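Quick one: structure below, then a few questions.
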Amino acid sequence: MDQNKRQIIHFDLDTFFVSVERLQNAKLYGRPVFIGGTSDRGVVASCSYEARMFGVHSAMPMKMARNLCPDATVIRGDMELYSKYSNIVTSIIAEKSPLYEKASIDEHYIDITGMDRFFGSLKWAHELRHSIIKNTGLPISFGLSINKTVSKIATGEAKPNGELKVSPEMVRSFLSPLPINKIPMVGHKTFHLLRSMGISTINTLSQIPVEMMQRLMGKNGIVIWEKANGLDLTPVVHHHERKSISTERTFDKDTTDIKKLNQILVSMVEKVSFELRKKQKLGSCITVKIRYSNFDTHNLQKRIPYTSFDHIFIETAKELFKKLYSRRMLIRLIGVKISHLVQGVQQLDLFEDTPEMVNLYLSMDYIRKRYGNHALKRAVGVKVH
């Protein structure tokens, strides 16, 4: 399909964690707010626009943020509460949208290509936005354009609590004056590399030969160049088609050894959690599967707050297995699946007062990436001979 005929909306909840907290406590409206670890060793996970005026931003050490804005209210994050509101917004979008993708805990893409023949695309998006605001009380912004990249950038320009449509003929003029760090994929390192070359605007970046970008950054250079030129054919992937991550094990000999089964379960959860972190995804549903020796198969699942941490999945997996394995028959297969995936680095770590748990996971993952998935395991997941 001609890219210019596509109609892609990007919805993004404004300062999502802060907005949810303000629903719980109206006194927080209009005040500078930090969400994150409440000690000086903590990190800012999110902050209000009022706090940003003092130079505070996410991932900043809490001690520095307090020094910049000493009057701010600091709240320790509640991932369970944020996951609940995220799912409410998703359910509203799912009810009204022909094709949507949940990109992260606070972002959605919707493909309404063709609907403009029956409804005005901007009018439809406007009504959906107001339905979300009315039903949740949360501020939300959207960008509407020809692809994911332009619509996401448009959302950023529409914030806070606004909406912006960029028609096909306006894409070039819209993107050109913007700074290069507005492009998705241009992180801190890439930004400084391009700035060292004298590239500061999307217009300048778009005029560089694509071959030069490829030599400079490989495949990523091509993708960034395409985005700078308003090109992006990435489809909106239906939410229910988002891949889960799973693993199964069929035993050589059927067993009823509870200790052995729990050891294997822990090892499997470690494996899928590691894969989740490698792909920089979060999951909010875990399923445990068992198959008895007579081939009867049973599954049990549970929704949990978004995470990619082993210790949270392991606790839930053990709970599910205990409920599932009630017949005390021989088991021939056990499986674990993590689903309802969204893109995003682990958020829960930023709510911790100390970084020890996060550093432990970073160290464990480094060893696994270098020496293989089986190089490091929890003692409880290792078979004792």
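The values are calculated or read from the model by the stated rules, or taken from the named source; none is laboratory data. Only a predicted model underlies this, so the values are computations on that prediction, with no experimental measurement involved. Reconstructed Cβ throughout: ideal geometry from the backbone, glycine too, with neighbour counts over all protein chains shown.
Mind checking which residues of region 113-156 are modelled with pLDDT of 95 or more and surrounded by fewer than 17 Cβ atoms within 10 Å (Cβ to Cβ)?
126, 127, 130, 131, 133, 134, 135, 137, 156
Now a separate question. Which condition number does residue 72 fail, the rest of (1) surrounded by fewer than 17 Cβ atoms within 10 Å (Cβ to Cβ); (2) more than 27 Å from residue 184 (Cα to Cα) being met?
Tallying (1) surrounded by fewer than 17 Cβ atoms within 10 Å (Cβ to Cβ); (2) more than 27 Å from residue 184 (Cα to Cα), residue 72 fails exactly one: (1).
Further, regarding this structure: Being in contact (Cβ under 8 Å) with a residue 24 or more places away in the chain, among the hydroxyl-bearing types (Ser, Thr, Tyr) and in contact with a helix residue (DSSP H, G or I) (Cβ under 9 Å, 6 or more places away or on another chain): is that true of residue 306 here?
Against the criterion (in contact (Cβ under 8 Å) with a residue 24 or more places away in the chain, among the hydroxyl-bearing types (Ser, Thr, Tyr) and in contact with a helix residue (DSSP H, G or I) (Cβ under 9 Å, 6 or more places away or on another chain)), residue 306 qualifies.
Would you check which residues across region 16-63 are within 23 Å of the chain's Cα centre (by Cα) and part of a helix (DSSP H, G or I) and list them?
16, 17, 18, 19, 20, 21, 22, 23, 49, 52, 62
Go through the residues of region 10-22 one by one and say whether even a single one is in contact with a Cys (Cβ under 6 Å, 6 or more places away or on another chain) and either assigned by TED's automatic domain parsing to the domain that holds residue 164 or within 21 Å of residue 89 (Cβ to Cβ) (or both).
no
What number of residues within region 185-206 satisfy the criterion of being closer than 28 Å to residue 13 by Cβ and surrounded by fewer than 16 Cβ atoms within 10 Å (Cβ to Cβ)?
Just the residues of region 185-206 that are closer than 28 Å to residue 13 by Cβ, to begin with: 185-191, 202.
With the extra rule that they be surrounded by fewer than 16 Cβ atoms within 10 Å (Cβ to Cβ), the set shrinks to 185, 187-189.
Number of matching residues: 4.
Among the residues in region 160-173, are any more than 29 Å from residue 131 (Cα to Cα), assigned to a helix (DSSP H, G or I), out of contact with any Lys or Arg (no Cβ under 6 Å at 6 or more places or on another chain) and not charged (D, E, K, R)?
The answer is yes, given that some residue of region 160-173 is more than 29 Å from residue 131 (Cα to Cα), assigned to a helix (DSSP H, G or I), out of contact with any Lys or Arg (no Cβ under 6 Å at 6 or more places or on another chain) and not charged (D, E, K, R).
If we only count strands (runs of 3 or more DSSP E) wholly inside region 74-146, which ones have 1 or more residues that are in the same structural domain as residue 305 (by TED's automatic domain parsing), over 20 Å from residue 7 (Cα atoms) and of a type in the set (A, V, I, L, M, F, W, C)? Outline the logic, then answer.
Details: elements: 100-104, 107-111, 140-145.
Answer list for region 74-146: none.
From 300, 333, which residue is surrounded by fewer than 20 Cβ atoms within 10 Å (Cβ to Cβ), closer than 23 Å to residue 84 by Cα and more than 21 Å from the chain's Cα centre (by Cα)?
Among 300, 333, only 300 is surrounded by fewer than 20 Cβ atoms within 10 Å (Cβ to Cβ), closer than 23 Å to residue 84 by Cα and more than 21 Å from the chain's Cα centre (by Cα).
Take residue 189 and tell me if it is part of a helix (DSSP H, G or I), under 18 Å from residue 150 (Cβ atoms) and either of a type in the set (D, E, K, R) or under 18 Å from the mean Cα position of the chain (by Cα) (or both).
Values: part of a helix (DSSP H, G or I): yes; under 18 Å from residue 150 (Cβ atoms): no; either of a type in the set (D, E, K, R) or under 18 Å from the mean Cα position of the chain (by Cα) (or both): yes.
No: the conditions fail for residue 189.
For region 220-251, which positions are surrounded by fewer than 18 Cβ atoms within 10 Å (Cβ to Cβ) and part of a strand (DSSP E or B)?
246, 247, 248, 249, 250, 251, listed by residue number.
Enumerate the pairs (first residue in region 97-112 and under 23 Å from residue 45 (Cα atoms) and of a type in the set (D, E, K, R); second residue anywhere and modelled with pLDDT of 95 or more and part of a strand (DSSP E or B)) with beta-carbon separation below 8 Å, excluding pairs fewer than 6 apart on the same chain, so at least 6 apart or on different chains.
Correct list of pairs: 102/108; 106/12; 106/13; 107/10; 107/11; 107/12; 107/13.
Can you tell me which of 159, 152 is touching a His at 6+ places or on another chain (Cβ under 6 Å) and among the basic types (Lys, Arg)? Reasoning before the result, please.
Values: 159 fails: touching a His at 6+ places or on another chain (Cβ under 6 Å).
Criteria check complete, one pass: 152.
Next up: Being over 26 Å from the mean Cα position of the chain (by Cα) and either in the same structural domain as residue 331 (by TED's automatic domain parsing) or assigned to a loop (DSSP other than H, G, I, E, B) (or both): is that true of residue 254 here? Give the derivation first.
Values: over 26 Å from the mean Cα position of the chain (by Cα): yes; either in the same structural domain as residue 331 (by TED's automatic domain parsing) or assigned to a loop (DSSP other than H, G, I, E, B) (or both): yes.
Yes: the conditions hold for residue 254.
For region 119-151, give me the residue count where each residue is out of contact with any Ser or Thr (no Cβ under 9 Å at 6 or more places or on another chain) and basic (Lys, Arg).
2
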